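K.L.:
Next up is a structure, given as structure tokens.
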Amino acid sequence: MKTILDKEQLHLTILRLAHQLLENNISLADVVFIGIQPRGVQVGSKLIAAIGQIAPFEKLQYGILDITFYRDDVRDELHVANTTHIPFSIEGKKVVLIDDVLYTGRTIRAALDAIQDFGRPQKVELCVLVDRRFNRELPIQPDYCGKAIDSVISQKVKVEWDKEAVVLY
């Protein structure tokens, strides 16, 4: 077990991502943020809170997206869907998808399919807390990345919110 980000580093990383998102968007009026269920929602909530503190004048639109039935890599078992809550239109907007760990890219592919049910965005960007760079199965890269790591397939990366740390097992 190895700690990739401790409590302080995790908070700084989220704060840095919030600043990067604000730097790349003059206004957030046409930007919507969507956390991917289940673990991207926790990152998204913290990121939205950080953006709200930095730019309290901005009206933030944040939703959550369940991709359970859009996945192509898990077919053997019965799945229970999580909640999807997108109370705004994504039509013609910039959508920032938020997840905790980018690994094979299959979660993001499923999220891209799922958001099409809500309209046609003008642009889609990806924000991840951790990018496991060399394990991709699909050509997907993050636009915003908290920490890029090299790991082998047998290792697991876990964001442990109760300990406020990112750990490599």
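K.L.:
Residue by residue through segment 23-42, note down the ones that are more than 16 Å from the chain's Cα centre (by Cα) and not hydroxyl-bearing (S, T, Y). If you could, list the steps in order and put the result at the bottom.
P.N.:
Of segment 23-42, the ones more than 16 Å from the chain's Cα centre (by Cα) are 23-30.
Answer for segment 23-42, where residues must be more than 16 Å from the chain's Cα centre (by Cα) and not hydroxyl-bearing (S, T, Y): E23, N24, N25, I26, L28, A29, D30.
K.L.:
Which residue out of L112, L17, L126 is assigned to a helix (DSSP H, G or I), farther than 22 Å from D162 by Cα and within 16 Å of the chain's Cα centre (by Cα)?
P.N.:
Numbers: L17 fails: farther than 22 Å from D162 by Cα; L126 fails: assigned to a helix (DSSP H, G or I).
Step by step, each of L112, L17, L126 is checked, and only L112 is assigned to a helix (DSSP H, G or I), farther than 22 Å from D162 by Cα and within 16 Å of the chain's Cα centre (by Cα).
K.L.:
Within segment 35-49, count every residue that is modelled with pLDDT of 95 or more and either over 14 Å from L129 (Cα atoms) or among the hydroxyl-bearing types (S, T, Y) (or both).
P.N.:
Here is the first cut: in segment 35-49, the residues modelled with pLDDT of 95 or more are 35-36, 40-49.
If we keep only those that are either over 14 Å from L129 (Cα atoms) or among the hydroxyl-bearing types (S, T, Y) (or both) as well, we get 45, 49.
Within segment 35-49, residues that are modelled with pLDDT of 95 or more and either over 14 Å from L129 (Cα atoms) or among the hydroxyl-bearing types (S, T, Y) (or both) number 2.
K.L.:
Can you run down the residue pairs with Cβ atoms below 7 Å, 6 or more apart or on separate chains, where the first is in segment 1-16 and farther than 15 Å from Y144 by Cβ and the partner is basic (K, R)?
P.N.:
Close Cβ pairs satisfying both conditions: I4/K147; L5/K147.
K.L.:
Could you say which residue among D113, D150, D131 is at pLDDT 95 or above and within 25 Å of I14 (Cα to Cα)? Let's see the steps before the verdict.
P.N.:
On the way: D113 fails: within 25 Å of I14 (Cα to Cα); D150 fails: at pLDDT 95 or above.
Exactly one residue qualifies, and that residue is D131.
K.L.:
Scan segment 136-145 and give yes if some residue there is within 18 Å of I67 (Cα to Cα) and among the aliphatic types (A, V, I, L, M), otherwise no.
P.N.:
Scanning segment 136-145 turns up at least one residue that is within 18 Å of I67 (Cα to Cα) and among the aliphatic types (A, V, I, L, M).
K.L.:
Moving on to the next point. Mind counting the residues in segment 39-51 that are more than 18 Å from I108 (Cβ to Cβ) and either surrounded by 15 or more Cβ atoms within 10 Å (Cβ to Cβ) or touching a Gly at 6+ places or on another chain (Cβ under 8 Å) (or both)? Don't jump to the end; show me each part of the working.
P.N.:
First pass over segment 39-51, keeping only residues more than 18 Å from I108 (Cβ to Cβ): 45-46, 48-51.
Within this subset, residues satisfying the condition of being either surrounded by 15 or more Cβ atoms within 10 Å (Cβ to Cβ) or touching a Gly at 6+ places or on another chain (Cβ under 8 Å) (or both) are 45-46, 48, 50-51.
So the count comes out to 5.
K.L.:
Hey, could you check segment 14-27 for residues that are of a type outside the set (D, E, K, R) and touching a strand residue (DSSP E or B) at 6+ places or on another chain (Cβ under 9 Å) and say which is surrounded by the fewest Cβ atoms within 10 Å (Cβ to Cβ)? Talk me through it step by step, then tell me what you get.
P.N.:
Pass one, segment 14-27, residues of a type outside the set (D, E, K, R): 14-15, 17-22, 24-27.
Okay, now just the ones that are also touching a strand residue (DSSP E or B) at 6+ places or on another chain (Cβ under 9 Å), so 14, 17, 20-21, 24-25.
Details: I14: 19, L17: 22, Q20: 15, L21: 24, N24: 13, N25: 17.
Per the stated criteria, the residue is N24.
K.L.:
Take the residues in segment 122-132 that are buried (at least 21 other Cβ atoms within 10 Å of the Cβ) and of a type outside the set (A, V, I, L, M), then tell me which one is nearest to D66 (Cα to Cα). Let's see the steps before the verdict.
P.N.:
The first filter runs over segment 122-132 and keeps only residues buried (at least 21 other Cβ atoms within 10 Å of the Cβ), leaving 126-132.
When the remaining residues are screened for being of a type outside the set (A, V, I, L, M), the result is 127, 131-132.
Working: C127: 17, D131: 21, R132: 22 Å.
Applying the filter and picking the extreme gives C127.
K.L.:
Then there's this: Do you know which residues across segment 20-44 are part of a helix (DSSP H, G or I) and either among the small types (G, A, S) or more than 22 Å from E160 (Cα to Cα) (or both)? Quick ask: steps written out before the conclusion?
P.N.:
Taking segment 20-44 and keeping what is part of a helix (DSSP H, G or I), we get 20-23, 39-44.
Within segment 20-44, Q20, L21, L22, E23, G40, G44 meet the criteria.
K.L.:
Scan segment 121-148 residue by residue and report those that are in contact with a strand residue (DSSP E or B) (Cβ under 7 Å, 6 or more places away or on another chain), in contact (Cβ under 8 Å) with a residue 24 or more places away in the chain and of a type in the set (K, R).
P.N.:
Within segment 121-148, K123, R132, K147 qualify.
The values are calculated or read from the model by the stated rules, or taken from the named source; none is laboratory data. Please read all numbers here as calculations on a predicted model, not as lab measurements. Every residue, glycine as well, gets a Cβ built from its backbone with ideal geometry; the counts of neighbours run over all protein chains shown.
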